[in-house]
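Chemist: I have a structure here, written as structure tokens, and I will follow up with some questions on it.
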Amino acid sequence: MNLEPENPMSPSEHASPKAELEQWLIDAEADDAQVQHAQPVVGRPWLLLLGLILVALNLRPALSSLSPLLSDVSASLGLSAASAGLLTTLPVLCLGLFAPLAPILARRFTAERVVLGILLTLAGGIILRSSFGQAGLFAGSLVAGASIGIIGVLLPGIVKRDFAKRAGAMTGVYTMALCLGAALAAGATVPLSQYFGDSWSLGLGFWMLPALLAALFWLPQVRTQHGAHRVAYRVRGLLRDPLAWQVTLYMGLQSSLAYIVFGWLPSILIDRGLSATQAGLVLSGSVIVQLASSLAAPWLATRGKDQRLAIVLVMLLTLGGLFGCLYAPLDGLWGWAILLGLGQGGTFSLALSLIVLRSRDSHVAANLSSMAQGIGYTLASMGPLAVGVLHDWTGGWGATGWVFGVIGLGAIIAGCGAGRALYVGVSSERV
């Protein structure tokens, strides 16, 4: 049944958008009533906080560490640009395809045990990727992407459960840890490989160590007992809702640009004349800048009547930075990289915020998030693949600007629909 009112009310007519974001933002990642079945932990919250930060730090290095070395890896293993594009696509595809496994595993084994086990599979995937030739490279990328997809669903639900009164602040900490992990891997992988005797395999393999360290600090959480909490909710009809699809398309298209940057920006800059170290540092710096806009953009977006203007602004910043990195003189490269970081930090955080602001309650937000991430990340994986195929076909990067433009325009169109002050036309039912 469509519950959308004839004259839709803005979320602010019930509560301020900022208050709704603080209350529901973590639930947008996973429905803790279905995933966690547990009560908040009582014990040493500082140990849980440290474990959460260390786990979050490991959710991006497997994605951002490869791109600065992609040229060396391709030359060493004889990969075409299309094959390299597939390599950058696999982990992103797995973010969407394996995310639905997270609640199933959590109900069977508890979320804490699943996070611990998947950290170990993440470390195993990194080892496999770096040590067993071309087959290991692709298989390890698949395992690493699947691991990140599962943890990425479970971790925010744990945050919501155990830090419910500080959900807004903890969301900021979580986002900062994601960006910091991506930036460290992008900037440090090439120097590490050079330190280990110009061995790209050791440079990539190094990132298993932070995953094992996170598993060690997460181990106490597995021993923590949580009380049962067996309430479940059902949300039906999202796949028939146009607004839900607009949110999903915006999530997928902005993510596609983000993973093109993770996968291909260093290769583009290397071909333009930068060294691998310099290209990795540019990517690292751009990701670090995302910290500022990822925190500021949702706050600014909730000051107006809707989010359409903010969406257009951050997407134009992103496209400006991308075109600058692709075509502008290298003398101003750092300025374009900063512009890109400001835009992409805003696009990602607004995508998460839209899930909350377009939902009537936290359970609708959870299911909308599942749709937006599952379908959106699957869509996003096509971007890196398209760039690789186009580069293989044309022998250069000039035509890549068309990919940026088409994806960016699609994101603006979808975002302008998703940014309206409406609710998706579904509600949650207790079962």
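Quick grid of which residues meet (1) in contact with an Asp or Glu (Cβ under 7 Å, 6 or more places away or on another chain); (2) modelled with pLDDT of 85 or more:
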site	(1), (2)
ILE127	no, yes
GLY136	no, yes
GLY149	no, yes
VAL153	yes, no
ILE158	no, no
PHE163	no, no
GLY181	no, yes
ALA188	no, yes
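Chemist: Of a type in the set (Ser, Thr, Tyr), surrounded by fewer than 22 Cβ atoms within 10 Å (Cβ to Cβ) and modelled with pLDDT of 90 or more, is that true of SER286? Let's see the steps before the verdict.
Modeler: On the way: of a type in the set (Ser, Thr, Tyr): yes; surrounded by fewer than 22 Cβ atoms within 10 Å (Cβ to Cβ): no; modelled with pLDDT of 90 or more: yes.
Answer is no for this residue.
Chemist: Something else: Here's a check for you: in region 190-206, which residue that is assigned to a loop (DSSP other than H, G, I, E, B) and either on the phi < 0 side of the Ramachandran plot or not charged (D, E, K, R) (or both) is modelled with the highest pLDDT?
Modeler: Step one: of region 190-206, the residues assigned to a loop (DSSP other than H, G, I, E, B) are 196-199, 206.
Okay, now just the ones that are also either on the phi < 0 side of the Ramachandran plot or not charged (D, E, K, R) (or both), so 196-197, 199, 206.
On the way: PHE196: 87, GLY197: 85, SER199: 86, PHE206: 94.
By that ranking, first place goes to PHE206.
Chemist: Kindly list the number of the only condition in (1) among the small types (Gly, Ala, Ser); (2) closer than 28 Å to GLY237 by Cβ; (3) modelled with pLDDT of 50 or more that fails for ALA28.
Modeler: (3)
Chemist: Name the residue, out of VAL92, VAL143, that is touching a residue at least 60 places away in the same chain (Cβ under 8 Å) and within 18 Å of the chain's Cα centre (by Cα).
Modeler: Numbers: VAL143 fails: touching a residue at least 60 places away in the same chain (Cβ under 8 Å).
Checking each option against the conditions leaves just VAL92.
Chemist: Could you tell me whether region 321-341 includes any residue that is at pLDDT 90 or above, buried (at least 19 other Cβ atoms within 10 Å of the Cβ) and aromatic (Phe, Trp, Tyr)?
Modeler: Looking through region 321-341, at least one residue is at pLDDT 90 or above, buried (at least 19 other Cβ atoms within 10 Å of the Cβ) and aromatic (Phe, Trp, Tyr).
Okay, residues lined up against (1) within 29 Å of GLY388 (Cα to Cα); (2) touching a Cys at 6+ places or on another chain (Cβ under 6 Å); (3) among the aliphatic types (A, V, I, L, M); (4) surrounded by fewer than 16 Cβ atoms within 10 Å (Cβ to Cβ):
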{"residue": "GLY85", "(1), (2), (3), (4)": "yes, no, no, no"}
{"residue": "LEU95", "(1), (2), (3), (4)": "yes, no, yes, no"}
{"residue": "ALA99", "(1), (2), (3), (4)": "yes, no, yes, no"}
{"residue": "ARG107", "(1), (2), (3), (4)": "no, no, no, yes"}
{"residue": "THR110", "(1), (2), (3), (4)": "no, no, no, no"}
{"residue": "VAL114", "(1), (2), (3), (4)": "no, no, yes, no"}
{"residue": "THR121", "(1), (2), (3), (4)": "yes, no, no, no"}
{"residue": "LEU128", "(1), (2), (3), (4)": "yes, no, yes, no"}
{"residue": "GLY133", "(1), (2), (3), (4)": "yes, no, no, yes"}
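Chemist: Another question, if that's okay. Need at least 3 residues that are within 26 Å of LEU238 (Cα to Cα) per element, so show me which helices (runs of 4 or more DSSP H) inside region 347-431 make the cut, counting only ones lying wholly within it.
Modeler: Numbers: elements: 362-380, 382-394, 400-418.
Filter on region 347-431 gives 362-380, 400-418.
Every residue, every condition in (1) under 18 Å from GLY388 (Cα atoms); (2) surrounded by fewer than 24 Cβ atoms within 10 Å (Cβ to Cβ); (3) of a type in the set (Asp, Glu); (4) free of Cβ contacts under 8 Å to residues at least 24 places away in the same chain, yes or no:
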| residue | (1), (2), (3), (4) |
| --- | --- |
| SER256 | yes, no, no, no |
| GLY263 | yes, no, no, no |
| ILE270 | yes, yes, no, no |
| GLY273 | no, yes, no, no |
| THR277 | no, yes, no, no |
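The values are calculated or read from the model by the stated rules, or taken from the named source; none is laboratory data. The structure displayed is predicted, hence computed values, not measured ones. No Cβ is skipped: glycine too gets one built from the backbone with ideal geometry, and neighbour counts run over all protein chains shown.
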